[in-house]
1. Highest mean first, what order results for 147-156, 175-184 on Cβ atoms within 10 Å?
2. For the pair Thr24 and Asp187, what calculated FRET efficiency results from E = 1/(1 + (r/R0)^6), where r is the Cβ-Cβ distance and R0 = 45 Å, to the nearest 0.05?
Amino acid sequence: MSVTTTTTEASKESVNMTEAELNTWFDKRFEERRQAEEDAHTPSMSIIATKGTMDWAYPPFILASTAAALGWDVSIFFTFYGLNLLKKDLKLSVSPMGNPAMPMKMPVGPEWLQNINMKIPNAIMGNMPGFESMATAMMKKTTEAKGIASVEELRSLCLEADVKMLACQMTIDMFSYDQSEFMDEVDEWVGAASFLPTARKSDVTLFI
């Protein structure tokens, strides 16, 4: 049956309807069309990653890899310290100073010990030699014990799922970075003006 024939028959059908029936018919047709468009739509998400520590690396990569696995189109714009997440050699640490993730829990030992929050004041954490290295080691041990993928693994999952990695060119210039320091899979080196149209069209936009 051709589209013209279908349209003509629908028009004839509507001519013989009462106003109430016509409204019901129109609402049904509108809902069918809206549902068809929704079913055909591919959700999209844009993430702005601004932090470069180990703990702050997890949210953008977890959200991006999960959304991509669901079939979404995903882009991550790495700017300021978030640009460190695109480096070839990821040397990420956990910064205790002013970090809302603190205090941390023990990653090993009996359950009662692991459930204890170590409420160490920031002033002590910031002045204690080696505390940042200890906090980083504890975080890595905790993720391993809980079966959580590493930042490197999550980043690889994002790349396999075709998540677009966008690097902020202004940050490159500001910190005098060399593009050779960053992984080859960077899709584009762009500024805010180039990224904003992508964010505007996205169904979900997150700032991390």
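1. Values: 147-156: 15.6, 175-184: 11.3.
By packing density, highest mean first, the sequence is 147-156, 175-184.
2. Taking R0 as 45 Å, the efficiency between Asp187 and Thr24 is 0.40.
All of the numbers you see were taken from the coordinates with simple rules; none came from a lab. This is a predicted model, so every value here is computed, not measured. When we count neighbours, we look across all protein chains shown, and the Cβ atoms used for this are built from the backbone with ideal geometry, even at glycine.
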